[in-house]
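Notes for the one structure printed next.
The values are calculated or read from the model by the stated rules, or taken from the named source; none is laboratory data. Small disclaimer: the values here were computed from a predicted structure and weren't measured. Virtual Cβ from ideal backbone geometry, glycine too; neighbours counted across all protein chains shown. Accessible surface areas use protein heavy atoms only, side chains included; no ligands, DNA or RNA. Shrake-Rupley method; radii C 1.70, N 1.55, O 1.52, S 1.80 Å.
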Amino acid sequence: MMRQFLKPVLKSASLLALGAALSACVPAKTAIDPAAVAMEERAIEARAFLKDAESQIAAKSHQAAQAAWDQATNITPETTAAAAEQGAEFTKLLVSLANASKQFDIKELPAEEARKIQILRSGITIPAPSREGAAEELAGITTKLDATYSTGKFMFQGREIDLLEASRIIEQSRNPAELQAVWEGWHSIAAPMAPDYARMVEIANEGARELGYPSLDQMWLSNYDMKPAEMEAEVQRLWTQVEPLYKELHCYARGRLNTYYGDAVQPATGPIRADLLGNMWAQQWSGVYDILKTDTPGPAYDLTTRLNEQGYTPLKMVQTGEAFFTSLGLQELPKTFWERSMITKPEGREVVCHASAWDLDDYEDVRIKMCTQVNAEDFNTVHHELGHNYYQLAYRNQDHLYKNGAHDGFHEAIGDFVALSITPEYLEQLGLITAAEKPGPDADTALLLQTALDKIAFLPFALSVDSWRWGVLSGDTPPEAYNQSWTDIRLKNQGIIPPAPRPADAFDPGAKYHIPGNTPYLRYFLSFIMQFQFHKAACEQAGWEGPLHRCSIYGNKEVGRRFEEMMEAGMSQPWPDTLEKFTGTREMDGSAIIEYFDPLMVYLKEENAGQSCGW
Ligand code: X8Z
Ligand code: ZN
């Protein structure tokens, strides 16, 4: 509700009325064209419609966001019911506005109005059809799925444990039987979700069709300023760029796991057992760095240990994250951020622990919600979440429909891009390591491996999540094939398999937050590619000439200025324009991530020589 009132109103009726007076001094060819007049009239109507729509959406979204926050930070039957009710109301409003926008033909509108109407139509993640009761049923299911995931617990060694504890065991245990039990235990919490999930898919697809899309996957893929099929081809192109590096990493990791565990647990050929990689979903593998580490010299410190030794608390980690952003010249976070954020897991109530960043009033009430632990992973996550908040603050003066990332991959990439600057050099600046401990170039391979275990291993996982979902949403994968399809896709892309055959009622995708939480996942795949593009561009802006992995933009105000400019644009223009302004290119491109890891690729190829890689 800010700048839209101040925006210059485009030439409108008043200008047309001036036509006669102007005609005296301009050549005849400017005579009024009736088609142009009709178009201008449509544009005026569209502008009025959008202005009203934006103010309605803003008001309702604040209410819905508050109810969602109250539920996520205190899961009870009451808060869940209230969140579902508000969610249903909000969806109904969005659907009715999207349907009402059908009175306009996008092709007949100026670019700005056409863009906003397109955003209005394709931007509902889980649309309900407008028939009576559908939005309520859908919101009931989605909040229930979310709560089932977030409160999931299972029995392990005679005790009930939750995801936080299960994740710790998956990361720290080196006992294959224990790993298998915890992996299977956590996945068992998802089995009851399957029927609800299938019903949700049915209703949401009905909603997508009503809005003019063949199915919801196509609607999701319509949010990238190009046709869905073109976007799918883009994703394939990017994956083709990075796949060779993943294949080498997989081959290398499998070899180390085989040496550590032996043939009976991890054979030397074929896929890797999913529970051996230090992460519940095998999406990031640095948790088993101790098993996978290189023979080359590595850093003499462990960041998790250092944070703890130096008395870092969750709060201090967030303050340190903020200090990175302010070192770039960005504003301090508002006072309310510190008063209202949930930084640690509260005692005595259930919460959604999966980290997230919020913007409650689309202006300044930004917050994070995390069950922060003092470790290197959460140190990164803190920067990730603050990236979302800084993006939200940067575009707060945009019109409501433009208060968003240039595309969702940008939103995910901002904080991670900043966190790529957490180099040994920066850790020394923070006093977390001493100058003498700062690893020299001989430790590059080891450091790069550590990073690759998180950044490269992640890519085929991210691809798998939405490949699975696109199959489900398009109807190609029926409910009875949900689990097999998940296992098949993960095998094909990631080269991993479950520790043992799965029970008939398994619904393994439901054991990953973003499936019951209905968060599209392509955004992370794009982010993990683009954050390296941003990093490379920023390092070039900073005049950095060394290898990319040693560059840190900490404290660079000029980079910060251009970074903020990129964020301020929000979703107001096609994303290639935004990308070009910061990086000089209009395309998403894997060459920066490849360049970043090039020294590692050389090492991995040497290590894998003579092996038969692949699975
Ligand atoms: O969900 C997240 C963030 C919140 S947007 C913590 N991430 C993905 C995940 O955890 O699966 C960040 C990386 C991938
Ligand atoms: Zn995020």
Could you put Lys316, Lys60 in order of accessible surface area, largest first, with the 1.4 Å probe and the full protein assembly present? Lys316, Lys60
What is region 127-277's relative contact order, in percent, from Cα pairs under 8 angstrom and six or more apart in sequence? 24
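Restricting things to Cα coordinates, could you compute the convex hull volume per residue of the chain in Å³?
Taking the convex hull of the Cα positions in the chain, it is 166 Å³ per residue.
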How large is the dipole of the chain about the Cα centre if only Lys and Arg carry +1 and Asp and Glu carry -1, each at its Cβ, rounded to the nearest 20 debye? 480
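Once a ≥ b ≥ c are taken as the square roots of the eigenvalues of the Cα gyration tensor of region 492-604, is the result rounded (a/c under 1.5), prolate (a/b larger than b/c) or oblate (a/b not larger than b/c)? Provide the component values of the computation, followed by the final result.
Numbers: a/c = 2.89, a/b = 1.63, b/c = 1.78.
Since a/c reaches 1.5 but b/c is at least a/b, the shape of region 492-604 is classed as oblate.
May I ask you to derive the relative contact order of the chain, considering only C-alpha pairs under 8 Å and at least 6 residues apart, and to give it as an integer percent? Show your work: numbers first, answer last.
Working: 892 pairs, mean separation 112.6, N = 615.
Once divided by the residue count of the chain, the mean separation gives 18 percent.
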Report the one residue of Gln531, Ser101, Ala84 whose Cα lies farthest in the direction of the positive end of the charge dipole of the chain (charges on C-beta: Lys and Arg +1, Asp and Glu -1; origin at the Cα centre). Ser101
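Restricting to DSSP H runs of at least four residues, report the calculated mean residue ellipticity at 222 nm for the chain, -39500 (n - 2.57) per run over all residues, nearest 500 deg cm²/dmol.
Calculated mean residue ellipticity at 222 nm is -18000 deg cm²/dmol.
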At 1.4 Å probe size, with the rest of the protein present, what percent of the exposed accessible area of the chain is carbon and sulfur atoms? 53
Taking the alpha-carbon centroid of each part, what is the distance from region 486-553 to region 31-47 in angstrom? 46
Accessible area in the full protein assembly, largest first, 1.4 Å probe, for Asp263, Asp217: Asp263, Asp217
Highest-first arrangement of 606-615, 303-312, 113-122, where packing means the average Cβ count within 10 Å: 113-122, 303-312, 606-615
J(HN,Hα) series, region 100-112, from Karplus relation 6.51 cos²θ - 1.76 cosθ + 1.60, nearest Hz, glycine and proline x: 5, 5, 5, 5, 9, 9, 3, 5, 9, 10, x, 3, 4
Quick one: Cα centre-to-centre distance for region 48-65 and region 167-230, in angstrom? 29
Calculated over region 229-355: convex hull of Cα atoms, volume per residue (Å³): 253
Amide H contacts under 5 Å for Phe156, placed H, 5+ residues apart: Ile161
Between Tyr513, Cys551, Gln494, whose Cα lies farthest towards the positive end of the dipole of region 491-615 when Lys and Arg beta carbons carry +1 and Asp and Glu beta carbons carry -1, centred on the Cα centre? Tyr513
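Could you sort the peptides 448-456, 153-161 by per-residue average Cβ neighbour count (10 Å cutoff), highest mean leading?
Sorting 448-456, 153-161 by mean packing, highest first, produces 448-456, 153-161.
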Which whole-Hz couplings ³J(HN,Hα) result when phi for each residue of region 454-463 is put into the Karplus expression 6.51 cos²θ - 1.76 cosθ + 1.60, θ = phi - 60°, listed in order with x for Gly and Pro? 8, 8, 7, 4, 5, 4, x, 5, 4, 4
Just the number please: accessible area per residue for the chain, 1.4 Å probe, all protein chains included, in Å². 41
Projecting each Cα onto the charge dipole of region 120-272 (Lys/Arg +1, Asp/Glu -1 at the beta carbon, about the Cα centre), which of Gly270, Tyr149, Ala208 comes out farthest on the positive side? Gly270
Got a sec to turn the phi values of region 41-46 into Karplus ³J(HN,Hα) couplings, 6.51 cos²θ - 1.76 cosθ + 1.60 with θ = phi - 60°, whole Hz, x for Gly and Pro? 5, 4, 4, 5, 4, 4
Centroid-to-centroid separation of region 277-315 and region 365-419 [C-alpha atoms, Å]: 23
Gyration tensor (alpha-carbon) shape descriptor, region 306-393, a/c threshold 1.5: oblate
For Ile272, other-chain or 5+-apart residues with amide H closer than 5 Å (H placed, Pro excluded) are Ile496, Ile497
